[in-house]
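Notes for the one structure printed next.
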Amino acid sequence: MLRADSEMCDHAVELCQRLLRIDTTNPPGNEREAAHLLATELSAAGLEPQVLESEPGRANVVVRHKGTGQKPPLLLTAHLDVVEADPSQWRYPPFSGEIAEGCLWGRGAIDMKNHAAMSVALLTRLSREKRRLDRDIIFAGVADEEAGCALGSGWLCDHHPELVRAEYAIGEGGGFNLNLGGKRFFTVQVAEKGFCWVRARVRGEPGHGSVPRSDSAIVKLAQGIVRLAGGLPTHRTRVVGEFLSAIAAAQPAVLQPLLAAVTKTAALPRLLKFLPDPSVARALGAMLSNTASATVVRAGNKTNVIPGLAELEIDGRTLPGQSDADFLRELGDVLGPEFELEVMRSAPPVETEPVSSPLYDRILAVLREREPDAIPIPYMIPGFTDAKSFTRLGARWYGFSPVRLPPDMRFADMFHGHNERIPIDGLRWGTEVLTDVVCGFAGS
């Protein structure tokens, strides 16, 4: 079986660095340069990549390493766009690809140019060594994930489904380690929330700004936002139940009965505030309910006029088993009947059922072999990924972009945060793990 050697890991690090030096901030995205970089690497190894633009500059790169065809294809996918970065808040420029303090720095180092680099390093090695696996291995480097996937994976699935259809897909959402209660866990994403983006409008009496009104649209909007901050009702889900149970079972035996009881209580969301790490508390809280975040506020256009209409845009996220209608009902209960709700865009949750499969078993086996003191756990992310698109074509999705982080580095702080970076040794480890998973599963 092919194993990732030092040269292959070096290739992944070098390729990731080159990708980080390309600014693909979305908007505007402009992923063309990154797609052509990967296409050039793949072509040099004897593969035949296609660069497909959904709009000028919005490029996707797709390639297939052909196997024997005994089994259906496996898709490896990574998005090439990134979120914005404020250079004034970074220790090293966000598009420098700087290597410092044992890390590779840059926007996209974790989310998720690292996975693109690892995947391309793997495919180029398979091609150069003329390895024929039982499955075709497809790689799709896609545009626009950070803005909803419409010009990337969604466009590919709508216009070129034959290029990306696969039985299984491996993408972002898991593969990182968490340190909780003195134990180390590695996540495997098997579910993600849906999204329901809503515009909420409320009307009130207009008037002159010199005479304040308690019934103005702006006051009503502000009161609604405060109510929204109190959260939505809790719902139990299978994946989150298994996630919490696995964490509880790994703690000292004397605490296990208490922790098991706590994870089942309706008071769990309120108890999270006592966790020492606020980022962990927020992430766990988002797994327990549909969520609604006020993100954009609009009202008025003149200082001395109290407007009669105020608008709020809400980023809503829905749990597996919950629909847009369920979310809108909960949102209406919190905001009240005066608010008009309009869905701007939505997509349903994704859940891999059943969780277990030959690929999932292979992921667990590799993690247990390489990190015997760590515990693999199923995971649900509060956000969304390209799984929204590729699962429409029938793929079973596992979020597994493997990276090993030191105990003092939290994945949540890297993801869309200032000073995004990936440890060099963590990226090399991830390349080795991904190679073991893919080649062991697809057959070398």
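The values are calculated or read from the model by the stated rules, or taken from the named source; none is laboratory data. The model shown is predicted, which means the values in this text are computed figures rather than measured ones. As a convention, Cβ positions derive from the backbone with ideal geometry for all residues, glycine included, and neighbour counts pool all protein chains shown.
A few remarks follow.
- Among the residues of region 201-226, those identified as in contact with a Gly (Cβ under 8 Å, 6 or more places away or on another chain) and either not hydrophobic (A, V, I, L, M, F, W, C) or not assigned by TED's automatic domain parsing to the domain that holds Glu311 (or both) are Arg203, Gly204, Glu205, Pro206, Arg213, Asp215, Ser216, Lys220, Gly224.
- Selection within region 195-221 - assigned to a strand (DSSP E or B) and either in contact with a helix residue (DSSP H, G or I) (Cβ under 8 Å, 6 or more places away or on another chain) or of a type in the set (Asp, Glu) (or both): Cys196, Val198, Ala200, Val202, Arg203
- Just one residue in the set Ala121, Ala140 is small (Gly, Ala, Ser), in contact with a strand residue (DSSP E or B) (Cβ under 7 Å, 6 or more places away or on another chain) and touching a residue at least 12 places away in the same chain (Cβ under 8 Å); that residue is Ala140.
- Scope region 230-257; condition without any contact (Cβ under 8 Å) to a residue 24 or more places away in the chain and more than 22 Å from the chain's Cα centre (by Cα); matching residues: Ser245, Ala248, Ala249, Pro252, Ala253, Val254, Leu255, Gln256, Pro257
- Of all the listed residues (Thr295, Thr303), the sole one being at pLDDT 95 or above, among the hydroxyl-bearing types (Ser, Thr, Tyr), over 30 Å from Gly174 (Cα atoms) and outside the structural domain of Leu74 (by TED's automatic domain parsing) is Thr303.
- From the options Gly97, Gly46, residue that is touching a helix residue (DSSP H, G or I) at 6+ places or on another chain (Cβ under 6 Å), small (Gly, Ala, Ser) and more than 27 Å from Arg165 (Cβ to Cβ): Gly97
- Considering Gly321, Gly308, the condition of being touching a residue at least 24 places away in the same chain (Cβ under 8 Å), more than 25 Å from Ala169 (Cβ to Cβ) and either in contact with a Lys or Arg (Cβ under 9 Å, 6 or more places away or on another chain) or of a type in the set (A, V, I, L, M) (or both) is satisfied by Gly308 alone.
- Within region 69-110, considering residues that are of a type in the set (Lys, Arg) and farther than 15 Å from Glu31 by Cβ, the one surrounded by the most Cβ atoms within 10 Å (Cβ to Cβ): Lys71
- Residue check for Pro406: assigned to a loop (DSSP other than H, G, I, E, B) and touching a strand residue (DSSP E or B) at 6+ places or on another chain (Cβ under 8 Å): yes
- Residue check for Leu163: crowded, with 19+ Cβ neighbours inside 10 Å and either in a loop (DSSP other than H, G, I, E, B) or modelled with pLDDT of 95 or more (or both): no
- Sole residue being surrounded by fewer than 17 Cβ atoms within 10 Å (Cβ to Cβ), farther than 28 Å from Glu146 by Cβ and modelled with pLDDT under 95, chosen from Pro354, Pro337, Pro358, Pro372: Pro354
- Screening Met118, Met1 for residues that are exposed (fewer than 14 other Cβ atoms within 10 Å of the Cβ), touching a helix residue (DSSP H, G or I) at 6+ places or on another chain (Cβ under 8 Å) and aliphatic (A, V, I, L, M) leaves exactly one candidate, Met1.
- Unique residue being touching a Leu at 6+ places or on another chain (Cβ under 8 Å) and of a type in the set (Asp, Glu) when the list is Glu98, Glu146: Glu98
- Condition broken by Leu393, with the remaining ones in (1) aliphatic (A, V, I, L, M); (2) crowded, with 19+ Cβ neighbours inside 10 Å; (3) within 21 Å of Gly141 (Cα to Cα) satisfied: (2)
- Selection count, region 324-382, where residues are touching a residue at least 12 places away in the same chain (Cβ under 8 Å), outside any helix (DSSP H, G or I) and among the hydroxyl-bearing types (Ser, Thr, Tyr): 4
- Here is the figure for region 409-436: residues that are at pLDDT 95 or above and either hydroxyl-bearing (Ser, Thr, Tyr) or assigned to a helix (DSSP H, G or I) (or both) total 13.
- Of all residues making up region 23-61, the number that are touching a residue at least 12 places away in the same chain (Cβ under 8 Å) and closer than 20 Å to Glu129 by Cα: 10
- Evaluated against (1) over 27 Å from Thr391 (Cα atoms); (2) surrounded by fewer than 21 Cβ atoms within 10 Å (Cβ to Cβ); (3) touching a helix residue (DSSP H, G or I) at 6+ places or on another chain (Cβ under 9 Å); (4) touching a residue at least 24 places away in the same chain (Cβ under 8 Å), Leu20 falls short on exactly one condition, (2).
- Meets criteria (basic (Lys, Arg), in contact with a strand residue (DSSP E or B) (Cβ under 6 Å, 6 or more places away or on another chain) and surrounded by fewer than 16 Cβ atoms within 10 Å (Cβ to Cβ)) for Arg213: yes
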